[in-house]
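Data first, discussion second: the structure below is written as structure tokens.
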Amino acid sequence: MTLNADEHELLHRIARSPKPVAASDFFHTIHPPNFERSAAEEDPRRLA
């Protein structure tokens, strides 16, 4: 099984965590938001 870079980073962070964590705990660490907090809710940069 080959992991892509994101999957590898996620598993690495989970394994190194000193406490139990969920995979979703690291989502914004690996993929930080690319919009300003003041961006409108309808701003295309906020849409997933």
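The values are calculated or read from the model by the stated rules, or taken from the named source; none is laboratory data. Source: prediction; values computed, not measured. Cβ placement follows ideal geometry from the backbone for every residue including glycine, while neighbour counts extend to all protein chains displayed.
Just a few scattered comments:
- Per this entry, Ala39 is counted among residues that are among the aliphatic types (A, V, I, L, M), modelled with pLDDT under 85, surrounded by 10 or more Cβ atoms within 10 Å (Cβ to Cβ) and not in a helix (DSSP H, G or I).
- Segment 1-20, residues that are among the hydroxyl-bearing types (Ser, Thr, Tyr) and surrounded by 10 or more Cβ atoms within 10 Å (Cβ to Cβ): Ser17
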